[in-house]
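Structure first, commentary second.
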Amino acid sequence: MTDQIVLEHVTKTFTTKELGSVTAVNDFNLTVKKGECFSFLGPSGCGKTTTLRMIAGFEDLSEGSIYLGGKLVSDRSKNIYIPPEKRELGMVFQAFAVWPHLNVFENIAFPLKVKKFPKDEIRRRVLEAMHYCNLDGLEKAFPSDLSGGQQQRIALARAIVVNPEAMLLDEPLSNLDPHLRESMRFEIKRLQKEFGFTIIFVTHDQSEAMALSDRMLIMDMGNIQQIGTPWELYNNPKNRFVHSFLGQSNFINVDVRNGKVYPKGETSQQIWVDNKPSKNGEQVLACRPNMMELTKDDGFRCRIIKRTFKTDFVEYLIKVGEDSAIIQAPHRVLFKNGEECCVKIHNPAWYDLEDEAAEKERERRNVV
């Protein structure tokens, strides 16, 4: 696979009146292969949309270089900047961005008219794009007559009608109801297979990123935290932030003494784990709710605080030392509220204590 989108040491710094200088994207290095679906995932203010806008050409770089299809399109030091309309990219935004005064055909044809394509070519391409996006027969309809899902299909059709090398999707499904969001995921993946274009998909929705991505990255405060397949990031998070952001997590403050794990605030019994930490001292034990096993009499003794029945499992709330934890257990494992039980924790991860300064910085960036 050839390299389609390459970012080398890309940095973007904003200066605001109230907050001063903020580095929205910090020394960002990334290579996306041709035909790959790659997602940017992270909380508000982490820099994912700013990065996408720099790739598209809507934001200039403070430092670094961007290559599209092997061509240098942005480099501040070399005074190189190729405008968005010449980057051969398709764009779909969170807001459907369809023009209400134009009918479906005219909306989709707009970028071709700007490029002054012949009328016959415009009609052929528009009808073909409408067919691929399940909009057949709606040429004369206006956006106000259509559902949210149909309006988003107009935006998709308008993006693919120019035969882009890559598609940049910025939260394109967030304004749709859950059922439409799921169906549109399949639409986007189907279109990618049909046309073979590269996708960069920006989202804060974990399930969207997991469902669509060949690979993905998680950002925090302008920095790449981890890059990999959805499976790699979920099962082998490299730090506490990735663990907490991707999937449901329990974090338990513990004290490790000679390889024995005690919950903070309780020294009468150890926590049963099958993966011992490599160092002593105060740490954070991290685990997924489905990796905590409830038993009658084998493991760390505790008590059921609350039981909630879910479709595929029973959810239990327990206390481990000073911290609460959620357990997802099969329906065949049944305990009552207030009942004593024991817990085993399988395959936990071990992290240093939470950095409170980092959390304050995340809150500050949310208003940038």
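Could you work out how much longer the chain between residue 267 and residue 16 gets when fully extended? Use 0.36 nm per residue separation minus the Cα distance between them, nm to one decimal. It would help to have the intermediate numbers written out before the result.
Details: separation 251, 0.36 × 251 = 90.36 nm, distance 4.93 nm.
The span from residue 267 to residue 16 would gain 85.4 nm if fully extended.
Write down the accessible area per residue of the chain in Å², having rolled a 1.4 Å probe over the full set of protein chains.
That works out to 49 Å² per residue.
So what does residue 282 come to for accessible area, using a 1.4 Å probe and Å² rounded to 10?
110 Å²
What size of dipole, in debye to the nearest 20, comes out for region 214-355 about its Cα centre when the only charges are +1 on Lys and Arg C-beta atoms and -1 on Asp and Glu C-beta atoms?
Here region 214-355 has a charge dipole of around 340 debye.
When only Cα pairs under 8 Å and 6 or more residues apart are kept, what is the percent relative contact order across the chain?
Numbers: 760 pairs, mean separation 58.1, N = 368.
Worked out over the chain, it gives 16 percent.
What is region 44-112 by shape, rounded, prolate or oblate, if you read a ≥ b ≥ c off the alpha carbon gyration tensor as root eigenvalues and call it rounded for a/c under 1.5, prolate for a/b larger than b/c, and oblate otherwise?
Because a/c hits 1.5 or more and a/b fails to exceed b/c, region 44-112 counts as oblate.
Of all the accessible heavy-atom surface of region 69-199, with the other protein chains kept in place and a 1.4 Å probe, what percent is carbon and sulfur? Write out the running numbers ahead of the final one.
Working: 3580 of 6790 Å².
Heavy-atom surface of region 69-199 belonging to carbon and sulfur, 1.4 Å probe: 53 percent.
Please give, to one decimal in nm, the separation of the simple spin-label points placed at residue 8 and residue 82, each 7 Å out from Cα toward the Cβ.
So the two model labels end up 1.5 nm from each other.
Compare the peptides 190-203, 126-139 by average per-residue count of other Cβ atoms within 10 angstrom and give them in order, highest first.
Descending mean neighbour count gives 190-203, 126-139.
Calculated FRET efficiency, residue 62 and residue 121, Cβ-Cβ r, R0 30 Å, to nearest 0.05?
Here the calculated transfer efficiency is 0.15.
Sorting check: for 110-118, 97-105, which peptide has the highest mean count of neighbouring beta carbons within 10 Å, and how do the rest follow?
Details: 110-118: 13.4, 97-105: 16.0.
The packing order, highest mean first, is 97-105, 110-118.
R0 = 22 Å: FRET efficiency of residue 163 with residue 190, Cβ-based, nearest 0.05?
0.85
Please name which of 40, 210, 127 has its Cα lying farthest along the dipole of the chain towards the positive end, using unit charges on Cβ (Lys, Arg +1; Asp, Glu -1) and the Cα centre as origin.
127
Would you kindly state how much longer the chain becomes between residue 333 and residue 44 on full extension, computed as 0.36 nm times their sequence separation minus their alpha carbon distance, in nm to one decimal?
Net length gain for the segment: 100.2 nm.
Any idea how far apart residue 313 and residue 214 come out in nm if each label point goes 7 Å out from Cα toward Cβ?
3.1 nm
The values are calculated or read from the model by the stated rules, or taken from the named source; none is laboratory data. Source: prediction; values computed, not measured. Cβ coordinates were reconstructed from backbone atoms using ideal geometry, including for glycine residues, and neighbour counts include every protein chain displayed. Protein only, heavy atoms only, side chains kept; ligands, DNA and RNA dropped before computing areas. Shrake-Rupley method; radii C 1.70, N 1.55, O 1.52, S 1.80 Å.
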